[in-house]
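Asker: Have a look at this one.
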Amino acid sequence: MIDTLKPGQTYKLTQYEKLGGETGIRQLVKYFYEAMDNNTDVKTIRDMHAADLTEAEDKLFLFLSGWLGGPSLYIEKYGHPRLRARHLPFSIGIKERDQWLHCMDKALHKMNIEKAMHDELMQAFFNTADFMRNQTE
């Protein structure tokens, strides 16, 4: 990613790197789906997933890798994410958005990151999750 830094030049880490690269993103995804699997308050979104979460975990890892500034693994494997189109078969309103965000908040807390980064990521996740809504309330 960096060839050479010039004197006085600084390098800003990506969120992918700040979260620990591939290992960190895999851990975040694991925590996310554990939060979804172990909380009856998010049953609505859990029921939107297959009983075996392996494929969902893999796809979320691939997507987050690129979305957070790392390798574009999802695009390499599946093409453009087309997030909204891929989520249209599911009824997603405020309740479902908030359940998804709750799971991601729990996962980020387990990652033990600085509050500023947590807040920045949650805002970005909110924007994306809110864009997935296809139900008016």
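The values are calculated or read from the model by the stated rules, or taken from the named source; none is laboratory data. Predicted model, so just to flag it, every value in this text is computed and none were measured. Methodologically, a virtual Cβ is constructed for each residue, glycine included, from the backbone with ideal geometry; neighbour enumeration extends over all protein chains shown.
Asker: How about segment 65-103: which of its residues are in contact with a Leu (Cβ under 8 Å, 6 or more places away or on another chain) and either β-branched (Val, Ile, Thr) or within 27 Å of Asn39 (Cα to Cα) (or both)?
Answerer: Hits for segment 65-103 are Ser65, Leu68.
Asker: Name the single residue that is surrounded by the fewest Cβ atoms within 10 Å (Cβ to Cβ) among those in segment 7-58 being at negative phi, small (Gly, Ala, Ser) and outside any loop (DSSP other than H, G, I, E, B).
Answerer: Our first condition is that a residue be at negative phi; within segment 7-58, this holds for 7, 9-19, 22-58.
Next cut, small (Gly, Ala, Ser) only: 24, 35, 50-51, 56.
So of that shortlist, the ones also outside any loop (DSSP other than H, G, I, E, B) come out as 24, 35, 56.
Numbers: Gly24: 19, Ala35: 21, Ala56: 16.
Result: Ala56.
Asker: Would you be able to tell me the number of residues in segment 54-73 that are within 19 Å of Cys103 (Cβ to Cβ) and out of contact with any His (no Cβ under 7 Å at 6 or more places or on another chain)? Don't jump to the end; show me each part of the working.
Answerer: Taking segment 54-73 first, the residues within 19 Å of Cys103 (Cβ to Cβ) are 54-65, 67-68.
Restricting the remaining residues to those that are out of contact with any His (no Cβ under 7 Å at 6 or more places or on another chain) gives 54-55, 57-65, 67-68.
Total satisfying the criteria: 13.
Asker: Would you check which residues across segment 83-92 are in contact (Cβ under 8 Å) with a residue 12 or more places away in the chain and either among the basic types (Lys, Arg) or assigned to a helix (DSSP H, G or I) (or both) and list them? Reasoning before the result, please.
Answerer: Of all residues in segment 83-92, those in contact (Cβ under 8 Å) with a residue 12 or more places away in the chain come to 83-84, 87-88, 90-92.
Within segment 83-92, Leu83, Arg84, His87 meet the criteria.
Asker: Oh, and also: Would you mind finding the one in His80, His109, His102 that is outside any helix (DSSP H, G or I) and surrounded by fewer than 17 Cβ atoms within 10 Å (Cβ to Cβ)? Talk me through it step by step, then tell me what you get.
Answerer: Working: His109 fails: outside any helix (DSSP H, G or I); His102 fails: outside any helix (DSSP H, G or I).
That would be His80, the only listed residue that is outside any helix (DSSP H, G or I) and surrounded by fewer than 17 Cβ atoms within 10 Å (Cβ to Cβ).
Asker: Taking only segment 22-56 into account, find how many residues are aliphatic (A, V, I, L, M) and under 24 Å from Ser72 (Cβ atoms).
Answerer: Of all residues in segment 22-56, those aliphatic (A, V, I, L, M) come to 25, 28-29, 35-36, 42, 45, 48, 50-51, 53, 56.
In the following step, the residues that additionally are under 24 Å from Ser72 (Cβ atoms) were identified as 25, 28-29, 53, 56.
Result for segment 22-56: 5.
Asker: Can you name every residue in segment 29-44 that is in contact with a Lys or Arg (Cβ under 8 Å, 6 or more places away or on another chain) and within 17 Å of Met122 (Cα to Cα)?
Answerer: Tyr31, Phe32, Ala35, Met36
Asker: Right, another one. Go through Leu19, Leu28, Leu60 for me and flag whichever is under 30 Å from Thr136 (Cβ atoms) and under 15 Å from the mean Cα position of the chain (by Cα).
Answerer: Values: Leu19 fails: under 30 Å from Thr136 (Cβ atoms); Leu28 fails: under 30 Å from Thr136 (Cβ atoms).
Answer to the check: Leu60.
Asker: If Thr136 passes every condition in (1) hydroxyl-bearing (Ser, Thr, Tyr); (2) within 23 Å of Lys18 (Cα to Cα); (3) at pLDDT below 95 but one, which one does it miss?
Answerer: Result: Thr136 fails condition (2) only.
Asker: Oh, and also: Given the criteria closer than 27 Å to Asn134 by Cβ and either touching a residue at least 60 places away in the same chain (Cβ under 8 Å) or not polar (S, T, N, Q) (or both), does Lys95 qualify?
Answerer: Details: closer than 27 Å to Asn134 by Cβ: yes; either touching a residue at least 60 places away in the same chain (Cβ under 8 Å) or not polar (S, T, N, Q) (or both): yes.
Taking the combined requirement at face value, the residue satisfies it.
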